[in-house]
2 protein chains.
Amino acid sequence: MKPLGRRPGRNDTADQILVAARELFSERGYARTTIRAVAAQAKVDPALVHHYFGTKDALFDAAVELPVDPRAVFGDLPSQPGLLGPELVRRVVSVWDQPEIREGLRGMIGSALTHEGAAETLREMLTRGLLPVLRDLAIDDRRDWRAELVASQMAGVILARYVVALPGLGRASTEDLAAAIGPTITRYLTGRL
Amino acid sequence: MKPLGRRPGRNDTADQILVAARELFSERGYARTTIRAVAAQAKVDPALVHHYFGTKDALFDAAVELPVDPRAVFGDLPSQPGLLGPELVRRVVSVWDQPEIREGLRGMIGSALTHEGAAETLREMLTRGLLPVLRDLAIDDRRDWRAELVASQMAGVILARYVVALPGLGRASTEDLAAAIGPTITRYLTGRL
């Protein structure tokens with residue numbers, strides 16, 4: 001199965017470098033991560049890192065780019081409010097259940113919490129990349145606010161399921177999550193259940 | 001006003017050391033944080049760190065202890081479902097709006113995302129400290145699951161408001177948050193609005 005919403009393109013070496021960059025930026029923060037260290041972690045020559053990504057700044061930008069395209073993930077959602085929320089939950093879970101995407105996103109959130117610049121990067125990325133997509137799903141009344149409420153509930157589930165791995169949310173089936181959290185998403189987007 | 005649910009006790013020097021320890025554990029992770037560095041950050045003699053907390057392990061445990069007592073924060077909540085959720089949101093926001101407590105909690109979450117041992121510590125702390133309190137507020141049907149759902153929504157709001165500082169959730173009044181998110185909490189705890 002083609003992974004849902006996975007960005008197309010780059011080759012394996014570039015992907016390897018990005019995975020390594022996310023790990024190191026997340027572990028060490030921006031300041032303590034060097035191109036050399038990223039190359040070593042990715043098992044490639046530092047010249048290749050420069051070749052694919054240029055400066056450390058540009059590498060950082062590429063590493064924190066959302067590894068999935070929100071427009072693809074949230075395309076063609078059902079318009080009936082009762083189905084919209086649960087389906088949105090299913091889509092988010094199906095993206096995060098892919099280990100490679102999960103690690104990339106986890107790294108970004110970790111950076112955001114431990115590195116001032118990365119928090120800003122994550123905010124920019126969310127407000128430009130994810131929130132406009134959620135905004136378009138909301139009714140025409142405080143759309144930006146509704147999008148943020150949805151993002152907050154999904155972020156919390158992600159934290160509980162994939163980072164902290166709580167006993168219930170960590171092991172719940174996609175359908176259990178859709179049934180429990182779907183109505184919340186529906187209410188945030190549409191004001192009704 | 002006495003800060004809501006603040007743990008009583010320790011003196012200023014010990015508090016200073018804890019604040020410094022949370023910052024460093026969060027920034028550098030457990031392995032790269034030394035007693036000496038914590039002492040320097042807290043502007044005290046390393047011997048004082050040993051005096052108050054003993055080993056680095058014990059200092060870590062003290063630093064990741066919840067800086068507030070969940071039983072105090074969530075005591076005497078209204079029993080009417082319609083009031084319960086909003087009031088719970090108000091209590092959480094009033095704790096996190098205190099900068100010192102916020103920094104402590106932020107540090108813990110940052111560690112959890114970047115440091116494997118700390119994720120486990122955070123999970124233990126939540127499952128022992130916070131979730132049992134939320135569990136007692138839930139109706140007698142899948143109580144543990146309900147407590148985790150509440151924790152997930154509150155964690156997401158905290159992430160959006162205090163860490164990423166989204167434009168809407170970052171600036172919303174306590175009452176706007178209680179009105180928007182309160183019904184979600186009510187539904188998770190009681191199954192109805």
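Read the figures in this text as sums done on the coordinates, not as results from a lab. Keep in mind that this is a model prediction, so the values were computed, not measured. We place every Cβ from the backbone using ideal geometry, glycine too, and count neighbours over all the protein chains shown.
Observations, loosely collected:
- Dipole magnitude of segment A:48-108, debye to nearest 20 (Cβ charges: Lys/Arg +1, Asp/Glu -1, about Cα centre): 120
- What sits nearest the axis between copies B and A, counting only chain B Cβ atoms, is the residue and whole-Å distance B:G156, 1.
- Computing FRET efficiency as 1/(1 + (r/R0)^6) for B:R135 and A:Q80, where r is the C-beta to C-beta distance and R0 is 35 Å, gives about 0.55.
- Segment B:19-44 residues near the modelled B:D57 label - backbone nitrogen below 17 Å, point 7 Å along Cα→Cβ: B:30-35
- The mean count of C-beta atoms from other chains within 10 Å of the C-beta of residues in A:182-191, rounded to a whole number, is 2.
- Computed packing ranks the peptides B:35-43, B:70-78, A:182-190 as A:182-190, B:35-43, B:70-78, most packed first, by mean other Cβ atoms within 10 Å.
- Using the empirical formula 2.2 N^0.38 Å as the baseline, the Cα radius of gyration of segment A:70-190 reaches a ratio of 1.04.
- Position B:R135, label points 7 Å along Cα→Cβ, spacing to each other copy in nm (shortest first, one decimal): 4.2
- Computed E for B:A40/B:D176 - FRET, C-beta separation, R0 35 angstrom, nearest 0.05: 0.25
- Taking a ≥ b ≥ c as the square roots of the eigenvalues of the Cα gyration tensor, segment B:13-73 is classed as prolate, since a/c reaches at least 1.5 and a/b is larger than b/c.
- Remark: mean inter-chain Cβ contacts per residue of A:161-171 equal 6, using a 10 Å Cβ-Cβ cutoff to other protein chain atoms.
- Sites B:R71 and A:D15, calculated FRET efficiency, Cβ-Cβ separation with R0 56 Å, nearest 0.05: 0.70
- Length-normalised contact order of segment A:12-64 in % [C-alpha pairs under 8 Å, at least 6 apart]: 43
- Per-residue mean of foreign Cβ neighbours for A:143-154 is 6 (Cβ atoms of other chains, 10 Å radius).
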